[in-house]
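Structure record follows, encoded as structure tokens.
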Amino acid sequence: MERKEVLARIRREARPYLPQIVVAMLLGTLAGVLNVVPPAAFSQIVNRVLVPHPDLRVLYLAILAIWVSLITVNVATYFQTYLTAWCGQHLIKRLRIDLFERVLNLRIGDFDRWRPGELISRFSADLQLMTDAVSISLPQMVVAVVTFVSSLAVMIWLDWFLTLSLFVVTPAVSFVVSRFQVLITNSTKRTQARIADLSANLTEVLQGQRVVKAFGREDYEVARFRNRNEDFFGAYLKLTQFVATQPLVVSTIMLSAVAVIIWLSIREVLVGRLNNGTVFQYWLLLVTLANPINRLAAFFGEINKALVGAGRVLEILDLPIEDLERRDAAAPRRVAGKITFDHVVLRYAPDEPPALNDVNATVEAGEIVALVGPSGAGKTTIVNLVPGFYLPESGRVLIDDVDVADLRLADLRAAIAIVPQDPQLFRASIAENIRYGRLEATDDEVRAAAREANADQFVSEFPEGYATEVGERGVRLSGGERQRIAIARAILRDPRILILDEATSALDSHSEVLIEQALDRLLPGRTTLIIAHRLSTIRRANRIFYVEGGRILETGTNEELLARHGAYAALHARQFAGT
């Protein structure tokens, strides 16, 4: 995203805080203007107090002016800093919520293209750049700019000839600042990309820690992380070098100009064009002017870094999201559960072959259908069309004879429950994980769902019962226990359409029996799609869809498909050979 576009977006986002921003700018202006009062007061002390016949009244008035101006500068700077930070933090707080909401509402296809670590880096590293800028750099930059302008104006009024020498170095300063802006912006982009890689690597390894330990790959992962860490270290040092070098170069140019001005000002005193007080005031203004210039160079670097971070955040905020409400969608009604796939074609990317190619099938309301076939055949893709996770490139998916594209996704998904092969539990209590199926459910309803899922017994054995924290991704529970919690969540939702992704795979025989019993209570009366990798799990199915190469090649009961001696029969023979 271009710098101008980012600035325009930030201005638009900051519009609700315009009154506070205006007040903060006025306070910053007041602080900057009052910085020129002490040099003027010292000029009066030199000219009217440090003379053979001193005017002590001028001394007291000058001291009072210095004290009042400095106190006012500090108070104005405090409130200006607070107000600016308040506006900035409110803006970032809103962006953080918008970013979280946008990520949650991304279309599944768009979400899958991002690594979790890359998204996390937008919340952490990129928003931190913006936080540093609005909390520290921006407030100080306002005061520095006004101080610079005020000091320069008074210096021109005192002696335009001396001040003219400052403008000689202006092109050099402008070139240096503009050049470093480009270097800092590009370097910040590289640094943020490296920290995203580092975050992605960290997230992947932490999620797969058991696999790492099982294969003894600790040293390998440490080496991989070390390489990414070195990449980030190098990029960050290069950025730091640019940020630190910019004020150094600007300061060197300005100090050269200051040296020339000091020589010229002494010459002006010697020829009688300036008095001692005026030249002293001029020198103090020169110091007051030089300090903001050095700081402004650093502030511009911080602001450029913040704009890069803002651009990366806005990149996510501009991604398309699912329209859950669909204002022009069909009126909500109770879902019966009939599912129709009408010549469905789906590609995950335009340049990829079809994941589904001319899929045609109908699942009647209340029917239990098993989808079987080799890995990568398209089984999961087919069931992902039902809740509208993907929309077909051509053809239609209909629920109760209404196209999914014409239904409100919120209403459709309210009638669907999914029990995945690897149940996703949140770092919360058992009760909260079950209640995720229906947030308004009572404690009695949660317990009833757990009993139906054969989970109540093991939950009751915990000292804290349903208040037991399950840990990250349910790590404190066994695979069978996690699966039963997921089934209880589905029971509590009371869906019309149920999707089971090999719910009993990789479980011990005892857990499998308990889950099979729970499914026997859950399935009747619901339209159910069972993704079956093991043919032994499809005994409940009324019909079987054999899927291969993105097509439904065979449809029928187990006996009918075996009698055809086709692809399903061959798969069956391979799985049960020797039994």
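Tabulated values for the structure
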read-out	value
Matching option when the condition is of a type in the set (Phe, Trp, Tyr), buried (at least 18 other Cβ atoms within 10 Å of the Cβ) and either in contact with a helix residue (DSSP H, G or I) (Cβ under 8 Å, 6 or more places away or on another chain) or closer than 30 Å to Ser69 by Cα (or both), among Phe148, Phe167, Phe111, Phe161	Phe148
Hits in region 170-202 - residues which are surrounded by 17 or more Cβ atoms within 10 Å (Cβ to Cβ) and at pLDDT below 75	Val173, Val177, Gln181
Flag for Glu472 being at pLDDT below 85 and in the same structural domain as Arg435 (by TED's automatic domain parsing)	yes
Residue in region 36-60 that is surrounded by the fewest Cβ atoms within 10 Å (Cβ to Cβ), counting only those that are among the β-branched types (Val, Ile, Thr) and over 13 Å from Gln281 (Cβ atoms)	Val51
Scope region 143-162; condition within 18 Å of Leu296 (Cβ to Cβ) and either modelled with pLDDT under 75 or in contact with a Ser or Thr (Cβ under 8 Å, 6 or more places away or on another chain) (or both); matching residues	Val143, Val146, Thr147, Ser151, Leu152, Met155
Some residue of region 75-88 being within 20 Å of the chain's Cα centre (by Cα), surrounded by fewer than 16 Cβ atoms within 10 Å (Cβ to Cβ) and touching a residue at least 12 places away in the same chain (Cβ under 8 Å)	no
Where Thr340 falls short, out of the listed (1) modelled with pLDDT of 80 or more; (2) in the same structural domain as Arg96 (by TED's automatic domain parsing); (3) among the polar types (S, T, N, Q)	(2)
Thr245 polar (S, T, N, Q), within 30 Å of Glu5 (Cβ to Cβ) and surrounded by fewer than 20 Cβ atoms within 10 Å (Cβ to Cβ)	yes
Residue check, Arg12 in a helix (DSSP H, G or I), out of contact with any Cys (no Cβ under 8 Å at 6 or more places or on another chain), among the charged types (D, E, K, R) and closer than 22 Å to Met141 by Cα	yes
Test: residue in region 31-54 that is within 27 Å of the chain's Cα centre (by Cα) and either more than 30 Å from Glu315 (Cα to Cα) or not β-branched (Val, Ile, Thr) (or both)	no
Residue check for Gln246: assigned by TED's automatic domain parsing to the domain that holds Pro292, over 26 Å from the mean Cα position of the chain (by Cα) and farther than 25 Å from Ala41 by Cβ	yes
Qualifying positions in region 224-270 - among the aliphatic types (A, V, I, L, M) and over 27 Å from Val37 (Cα atoms)	Ala235, Leu237, Leu239, Val243, Ala244, Leu248, Val249
Single residue of region 538-579 satisfying the filter (of a type in the set (Val, Ile, Thr) and part of a strand (DSSP E or B)) that is surrounded by the fewest Cβ atoms within 10 Å (Cβ to Cβ)	Thr555
Count - residues of region 355-366 that are in contact with a strand residue (DSSP E or B) (Cβ under 6 Å, 6 or more places away or on another chain) and of a type in the set (Asp, Glu)	1
Filter result for the condition that a residue is of a type in the set (Val, Ile, Thr), more than 30 Å from Leu409 (Cβ to Cβ) and without any contact (Cβ under 8 Å) to a residue 60 or more places away in the chain, over Ile97, Ile156	Ile156
Hits in region 223-236 - residues which are among the hydrophobic types (A, V, I, L, M, F, W, C) and either modelled with pLDDT under 80 or surrounded by 12 or more Cβ atoms within 10 Å (Cβ to Cβ) (or both)	Phe225, Phe232, Phe233, Ala235
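Conditions tested, residue by residue: (1) crowded, with 19+ Cβ neighbours inside 10 Å; (2) touching a Leu at 6+ places or on another chain (Cβ under 7 Å).
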site: Ser251; (1), (2): no, no
site: Trp263; (1), (2): no, no
site: Leu270; (1), (2): no, no
site: Leu274; (1), (2): yes, no
site: Gly277; (1), (2): yes, no
site: Leu286; (1), (2): yes, no
site: Asn291; (1), (2): no, no
site: Ala306; (1), (2): yes, yes
site: Arg312; (1), (2): yes, no
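The values are calculated or read from the model by the stated rules, or taken from the named source; none is laboratory data. Quick caveat: nothing in here was measured; it's all calculated off a predicted structure. Cβ: placed from backbone, ideal geometry, glycine included. Neighbour counts: every protein chain shown.
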